[in-house]
């Protein structure tokens, strides 16, 4: 393994021994979330060393100033960023008047932390030598409730191992927070009101500009044998840091335990006048249950998640740990309960990429949620885009498009484009196609045709109108071309006729034509409603058809290959093996100019198209293109290895498929790209799931039927997974002997290796 400081365990992430150089990386890896909020694994106690503080609330963001491109017409007004929220976890201690600080204490022994993925419980243990005659033991457990989105729980115990201890306790809510990734020194939060009592400490804050209102709350209790006892806490205010304080004397061998409840009440769901009432209700319900019952409920909630989404691998603990870590983080990030929320590339683990919604959701995440949850949750991801259709039309209008053409944003929080790189914002127009493909993918997998009727048709038409205006007819080529784009390979900017983009445009136009004609026949009433709403012109379908039939695709002059873009063969085509290890990853060592002139591909581009539309190309064509493009691919996007793993498995290149699987699944655990301290790659984790289910498992939809063609890596003894297909839970088990498929729907046809099961 590239980074081996974490133990390998099928259900747990384990770190042994304290190393200050690993703190920020572990803060990412041991992050917690529950779909509504999340936080990095920051220490409860004070830490003076290098750390990345981060607590996040779903849907809360800030429109930071855009620094570049201010002179470019159509440029976004702001760059949205996920905000570090006020913190509720702090429990600072002084032992015999010396602050407990792992960065400065005389010695740290037995440091151990564990994230139990089966239960979502994070545990930390250490012994700290405070002075020569004082040594303590700390055990801390933390979880974010999967049942109550506003609730987090900390169980914090201190034992005197050597000498007597006079301990001062400061348990607090802290509004003095900053963002790690900020271009400006402007404050993001304005604190409105505070409540300080033994019952509750709470901080009512509001974001500047966006005016999101949030209540950060906490209550701390002394417990004995899991029963809350009289606390004797005193309250203290320090500007916008609110504390419940106490002190306790421990003889050698004695211990005390704190039970802290905290979290956020979001103004998206409650008025400011309700904040404290709701916070007290959450706390009192938690106190009424007690810690043991809260733990039991947390285990039961996660058991339900794992019952449907677990993947079991036998014979390879590294692979097993990795896939469960990926599934665990995806379920922590998004649960589908609130259609206003989506999936940021870093989830609740960091600030990079602004925490916003990208095309990753449609291209990578949707299949995971379709197959491991009920279809309503996946449907909410598509509903999110429909709710933002007006904004997508507005975004296109800013660039000169008209007649209801929609350009969905590359990056968004509320439907508005909010990215600050021109090459990404206005050239990566392929994201429009990913959204249309997601609608197609959802309907074919779930069998749910109602989304098209209720919402999807309007989205598809608006996207088709965009492509109609974005292409132009080239007299030179006698075909329609698309100029000045960036494909999924972001190491080529402002190119002409990116094959993947052109192919998506053609597909979108054909798909829109098919859906319009179908709805017009099967539900003319609904079609008339849509027509009157969108200023429909009867010749639009014919226009789409004409453009699709005459779309240009760059081709190799002598080989039977599609070219990534018109100028690809002008480059010096050296494979990635020519790059020295000292220069990898190239995005951390090369100038941008050098990268753009190189042949190196950040992530699957042409091969992304072959992944989406594999039924439109034969196996020999796939192999030709895979063998040509993969040697130039550096996989410096987290979204790349999974696609290559799936395609390699289809081509029976099983060693390569397995290698790519390890790379995508252990990207963060082994820190392949030397950046895990910035947060986890949440959206690519869905690709890890795809690499097993679609890659090794061979799950496909053909002619409205489910086909499975499992293959077993030689490193594994067996594997099994479950998918929820149209309300039926199907279990697939692949062993060295053969394949077993179980389901209880007698009317459902499942094909395994083209034989009906």
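Does residue 207 count as surrounded by 15 or more Cβ atoms within 10 Å (Cβ to Cβ), under 16 Å from residue 264 (Cα atoms) and modelled with pLDDT under 95?
For residue 207, the condition - surrounded by 15 or more Cβ atoms within 10 Å (Cβ to Cβ), under 16 Å from residue 264 (Cα atoms) and modelled with pLDDT under 95 - is met.
In this structure, is residue 173 surrounded by 20 or more Cβ atoms within 10 Å (Cβ to Cβ), touching a residue at least 40 places away in the same chain (Cβ under 8 Å) and under 24 Å from residue 141 (Cβ atoms)?
yes
Out of everything in the range 734-757 that is crowded, with 16+ Cβ neighbours inside 10 Å and modelled with pLDDT of 85 or more, what residue ends up being nearest to residue 320 (Cα to Cα)?
Checking each candidate, the answer is 734.
Which of the residues that make up the range 184-199 are surrounded by fewer than 20 Cβ atoms within 10 Å (Cβ to Cβ) and either in contact (Cβ under 8 Å) with a residue 24 or more places away in the chain or part of a strand (DSSP E or B) (or both)?
184, 186, 190, 191, 192, 193, 194, 195, 196, 197, 198, 199
Just give me the residues in the range 36-54 being in contact with a strand residue (DSSP E or B) (Cβ under 9 Å, 6 or more places away or on another chain) and either modelled with pLDDT under 95 or part of a loop (DSSP other than H, G, I, E, B) (or both), in sequence order.
36, 40, 41, 42, 43, 44, 45, 46, 48, 53, 54
Residue 548 is checked against (1) free of Cβ contacts under 8 Å to residues at least 60 places away in the same chain; (2) touching a helix residue (DSSP H, G or I) at 6+ places or on another chain (Cβ under 7 Å); (3) not in a helix (DSSP H, G or I) and fails just one. What number does that condition carry?
(3)
Would you list the strands (runs of 3 or more DSSP E) that sit entirely within the range 211-302 and hold 1 or more residues that are surrounded by 19 or more Cβ atoms within 10 Å (Cβ to Cβ)?
The strands (runs of 3 or more DSSP E) meeting that bar are 213-224, 241-250, 255-266.
Yes or no: residue 344 touching a strand residue (DSSP E or B) at 6+ places or on another chain (Cβ under 8 Å) and either buried (at least 24 other Cβ atoms within 10 Å of the Cβ) or within 30 Å of residue 440 (Cβ to Cβ) (or both)?
So residue 344 fits the description; yes.
Quick one: residue 19 ticks every box in (1) buried (at least 23 other Cβ atoms within 10 Å of the Cβ); (2) at pLDDT 95 or above; (3) out of contact with any helix residue (DSSP H, G or I) (no Cβ under 8 Å at 6 or more places or on another chain) bar one, so which box is it?
That leaves (1) as the condition not met.
Here is a list of conditions, (1) modelled with pLDDT of 90 or more; (2) part of a helix (DSSP H, G or I); (3) within 13 Å of the chain's Cα centre (by Cα), and residue 354 meets all of them except one; can you say which number that is?
(1)
Inspect all residues belonging to the range 475-483 and state whether any of them is more than 25 Å from residue 542 (Cα to Cα) and free of Cβ contacts under 8 Å to residues at least 40 places away in the same chain.
no
Out of 347, 400, I need the residue that is within 26 Å of residue 8 (Cα to Cα) and at pLDDT below 95. Which one?
Of the residues listed, the single one that is within 26 Å of residue 8 (Cα to Cα) and at pLDDT below 95 is 347.
Considering only the range 91-116, state which residues are surrounded by 23 or more Cβ atoms within 10 Å (Cβ to Cβ) and either modelled with pLDDT under 95 or under 25 Å from residue 344 (Cβ atoms) (or both).
Hit for the range 91-116 is 115, nothing else.
Mind checking whether some residue in the range 504-521 is under 30 Å from residue 637 (Cα atoms), out of contact with any strand residue (DSSP E or B) (no Cβ under 6 Å at 6 or more places or on another chain) and free of Cβ contacts under 8 Å to residues at least 24 places away in the same chain?
There is no residue in the range 504-521 that is under 30 Å from residue 637 (Cα atoms), out of contact with any strand residue (DSSP E or B) (no Cβ under 6 Å at 6 or more places or on another chain) and free of Cβ contacts under 8 Å to residues at least 24 places away in the same chain.
Name the residue, out of 169, 136, 201, that is modelled with pLDDT of 95 or more and over 21 Å from residue 262 (Cβ atoms).
It is 136.
Quick one: residue 688 ticks every box in (1) closer than 18 Å to residue 648 by Cβ; (2) touching a strand residue (DSSP E or B) at 6+ places or on another chain (Cβ under 7 Å) bar one, so which box is it?
If we test residue 688 against (1) closer than 18 Å to residue 648 by Cβ; (2) touching a strand residue (DSSP E or B) at 6+ places or on another chain (Cβ under 7 Å), just (2) comes out false.
Return the residue satisfying two criteria in turn: it lies in the range 403-415 and is modelled with pLDDT of 95 or more and surrounded by fewer than 23 Cβ atoms within 10 Å (Cβ to Cβ), and of such residues it is nearest to the chain's Cα centre (by Cα).
Step by step, filter the range 403-415, then rank; the result is 404.
The values are calculated or read from the model by the stated rules, or taken from the named source; none is laboratory data. It should be emphasised that the depicted structure is a prediction, and the values quoted were computed from it without experimental measurement. Please note: Cβ atoms are built from the backbone with ideal geometry, for glycine as well, and neighbour counts cover all protein chains shown.
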